[in-house]
Amino acid sequence: MTPWERKLWYRFLSTHTLRWQRQTPIGRYIVDFYCAKAKLVVELDGGGHYTPEQQAKDAARTRDLEAASLLVVRFANNQVDRMFHEVCMEIDRVVAARIAMR
């Protein structure tokens, strides 16, 4: 795991009220974090994700995961560094919305 993934995992997701998995295989992908109950994938993106080639790959990956009825939420590593509380609140907001839909 990257330092940003470790921060999100150890300071938030590992103690979340719902069960989260890290580095989880889904189809042909390995996602950073996955909550089965909310059908939610959380991806953390570093600098390498901002090239046109990688953005196209990420978009295809998101489409494939969404075709499996999953929602993909992406955060930049610098958001985890600078706005950690807001990132956690957004994850909680999306989880609550997803659970309410079921």
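Read-outs throughout are calculated quantities, based only on the coordinates presented, and are distinct from any laboratory measurement. Remember, predicted model here, so these are calculated numbers, not experimental data. Glycine gets a Cβ as well: all are built from the backbone with ideal geometry, and neighbour counts include every protein chain shown.
Summary of computed values
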{"item": "Some residue of region 17-39 being among the β-branched types (Val, Ile, Thr), loosely packed, with under 12 Cβ neighbours inside 10 Å and either touching a Gly at 6+ places or on another chain (Cβ under 8 Å) or under 16 Å from Ala96 (Cα atoms) (or both)", "result": "yes"}
{"item": "Subset of region 5-24 (residues that are part of a helix (DSSP H, G or I), under 12 Å from the mean Cα position of the chain (by Cα) and not charged (D, E, K, R))", "result": "Leu8, Trp9, Leu13"}
{"item": "Failed item in (1) out of contact with any strand residue (DSSP E or B) (no Cβ under 9 Å at 6 or more places or on another chain); (2) among the hydrophobic types (A, V, I, L, M, F, W, C); (3) under 19 Å from Arg93 (Cα atoms), with Ala67 passing the rest", "result": "(3)"}
{"item": "Arg11 being touching a helix residue (DSSP H, G or I) at 6+ places or on another chain (Cβ under 9 Å), surrounded by fewer than 18 Cβ atoms within 10 Å (Cβ to Cβ) and of a type in the set (D, E, K, R)", "result": "yes"}
